[in-house]
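This report concerns only the one structure given below.
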Amino acid sequence: MYVGIYGFGSIGRLIAREAVERGHEIVGVVDIDRDLVGKDVGDLLGIGSLGIEVTDDVDILANADVVIHATGSYLDKVFNQIVYVLGMGIDVVSTCETLAYPYYRYPVLAIKLNEVALDSGAAVLGTGINPGLLLDTLVTVVASSISSIKYVKAIRSVDASKRRESFRKKIGIGLDIDKARDMLRRGELTGHVGYAESVYLISHAGDLQLTKIVEEQEPVASEEDIEVGGVKVGKGSCKGVKGYGAGYVGDREVIRVEFQAYVGAPEYEEITVIGKNYSVTWRSSGTPGDQGTAAVVLNIAEKIKRVPPGLHLMTDLLPFKIRFSL
């Protein structure tokens, strides 16, 4: 498979390295970082020269079978990037969190993106570990064993000291707690993006019409001086974030997803599905986020040619629906 990489930050590099290890050929890498442009891709990956250089010319991707897009979290900021690639008739798998279910925040852009993809004969899909798998698609798989679903709750807990530096920065680790809270409120810290998208992916899989969705996120203060995995956080400083997204039908909460990422947090995912006659709880020992994202994105990219043109959602790729009975 001929792979193009659009965005060569930490996630883009991880995906590129994994693609090479799987035997795929990297045909082009695009990034606007002047410190990267002109450098050999293989040298940047630490695997020896590949004979191709990072460029800011998107046309270098024209010979790709699929382009992995990993530049931003918000569809309105990356829409033109994705449209340009689709316009070349190339399938796109993107790590853009809000593309996982774009109809919530960007309904007009979602419609336009679908039109461009259909006109170009290409497929486009937003995915990753979260949103994309753990708090939505996997939840749907677990829920498929229950015929009449009353309530769904999914939790993911991550030890932020094990995550990349850029992730730790976006959740405000080490900042004064009041400053972190203010920066989260103003959007200067993104924290986790995708609570609502995960909720909507689950509701969409069950043809459930939500009447309201609530998202909340806040910094977590350290109660003492701590050092975990080489990451130091002073007492009273921000050690990470926690938040949730909840979907309602009327006044009743039906779907809830929770995410916490802070230094020293336990690592696990837990999914509970309450049914009319019985309930199921599934729990894991935790999933490495960055490596998991690379795996999910490439696993989808390797099969996207089998998907018809247009804008797709992860839960639509499943061979079944789920059923809510409220």
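The values are calculated or read from the model by the stated rules, or taken from the named source; none is laboratory data. If you're wondering where the values come from, they're calculated on a predicted model, not measured in any experiment. Because the Cβ atoms are built from the backbone with ideal geometry, glycine has one as well, and the counts that use them run over all protein chains shown.
Tabulated data
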item	result
Qualifying residue in the range 56-67 (condition: under 25 Å from Ala295 (Cβ atoms) and surrounded by fewer than 21 Cβ atoms within 10 Å (Cβ to Cβ))	yes
Qualifying positions in the range 184-237 - over 23 Å from Val257 (Cα atoms) and either of a type in the set (A, V, I, L, M) or not assigned by TED's automatic domain parsing to the domain that holds Ala160 (or both)	Ile226, Val228, Val231, Val233
Filter result for the condition that a residue is within 22 Å of Thr137 (Cβ to Cβ) and either touching a residue at least 12 places away in the same chain (Cβ under 8 Å) or β-branched (Val, Ile, Thr) (or both), over Gly174, Gly191	Gly191
Inter-residue pairs, beta-carbon under 7 Å, first among the acidic types (Asp, Glu) and in the range 292-318, second surrounded by fewer than 22 Cβ atoms within 10 Å (Cβ to Cβ) and not in a helix (DSSP H, G or I), 6+ apart	Glu302/Met1
Residue that is touching a residue at least 40 places away in the same chain (Cβ under 8 Å), part of a loop (DSSP other than H, G, I, E, B) and of a type in the set (A, V, I, L, M), where the choices are Leu201, Leu208	Leu208
Of all residues in the range 1-42 being of a type in the set (Val, Ile, Thr) and over 19 Å from Lys303 (Cα atoms), the one that is surrounded by the most Cβ atoms within 10 Å (Cβ to Cβ)	Val29
Residue satisfying all of: in the range 94-109; touching a residue at least 40 places away in the same chain (Cβ under 8 Å) and within 25 Å of Phe8 (Cα to Cα); farthest from the chain's Cα centre (by Cα) among these	Pro102
Residue list for the range 128-176, restricted to those being of a type in the set (D, E, K, R) and surrounded by fewer than 24 Cβ atoms within 10 Å (Cβ to Cβ)	Lys150, Lys153, Asp159, Lys162, Arg163, Arg164, Glu165, Arg168, Lys169, Lys170, Asp176
Gly250 vs. criteria farther than 30 Å from Arg186 by Cβ, over 21 Å from the mean Cα position of the chain (by Cα), surrounded by 15 or more Cβ atoms within 10 Å (Cβ to Cβ) and not aliphatic (A, V, I, L, M)	no
Residue count for the range 297-323, restricted to those that are within 28 Å of Gln209 (Cβ to Cβ), in a helix (DSSP H, G or I) and in contact with a Gly (Cβ under 8 Å, 6 or more places away or on another chain)	1
Members of the range 293-303 that are of a type outside the set (Ser, Thr, Tyr) and crowded, with 20+ Cβ neighbours inside 10 Å	Ala294, Val296, Val297, Leu298, Ile300, Ala301
Residue ranges of helices (runs of 4 or more DSSP H) in the range 35-129 with at least 1 members under 15 Å from Pro309 (Cβ atoms) and out of contact with any His (no Cβ under 7 Å at 6 or more places or on another chain)	75-87, 107-120
